[in-house]
Amino acid sequence: MASFNAEPSRLAIPTSNGYLFRNVQDLTYCRSDKNGTWIYCRDGHRFFSSKSIRGLEELLPENFFRIHASVLINLSHVTSSNGNRSLQVVMIDGEKLDVSRRQHKKLKEILVQL
């Protein structure tokens, strides 16, 4: 009998050409756009999904955190954070992402616990 895993290791992500299947841990961050969401991967690839960032947030496991209305990050791929008044996180690919004032304190608390 197969065991149920509450956190998916692979995700079927809707795109304009059907579905793209990716390992969840390959995803570094997601950035919303007018008609969907850009998804950035550890290997440097990015692709566009027709799914909203809110829809992706519901599918992804707890190690993904919404740092801004338009940005969702994989906490496993944060290499550093900087700033006191305005916080930025630096992702594994070197991308610097701004954290909203509303999420600033909560993210700092989470990062300290990692």
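FYI, it's all coordinate maths here, none of it is from the lab. Nothing here was measured: the structure is a model prediction, and the numbers come from that model. Note that we place each Cβ from the backbone using ideal geometry, even for glycine, and neighbour counts take in every protein chain shown.
Quick notes
- From the coordinates of this entry, volume of the Cα convex hull per residue in Å³ is computed, and it appears in (1) 97; (2) 113; (3) 150 under the label (2).
- Across region 10-113, the relative contact order, built from alpha-carbon pairs under 8 Å that are at least six residues apart, equals 19 percent.
- Among the GluC sites (Glu not before Pro) in region 1-102, those placed in a DSSP loop whose Cβ has at most 10 other Cβ atoms within 10 Å are E62.
- An oblate overall shape is assigned to region 37-78, the ratio a/c of its alpha-carbon gyration tensor axes (a ≥ b ≥ c) being 1.5 or greater and a/b not exceeding b/c.
- Helix 101-113 vs. the chain, principal-axis angle (Cα, 0 to 90°, nearest 10): 80
- For region 1-109, the list of trypsin sites (Lys or Arg not before Pro) that fall in a loop by DSSP and count at most 15 other C-beta atoms within 10 angstrom reads K34, R85.
- Nonlocal amide H pairs with T15, under 5 Å, H built at 1.01 Å: L20, S50
- Here the sum of -39500 (n - 2.57) over DSSP H runs of 4 or more residues, divided by the residues of the chain, equals -5000 deg cm²/dmol at 222 nm, to the nearest 500.
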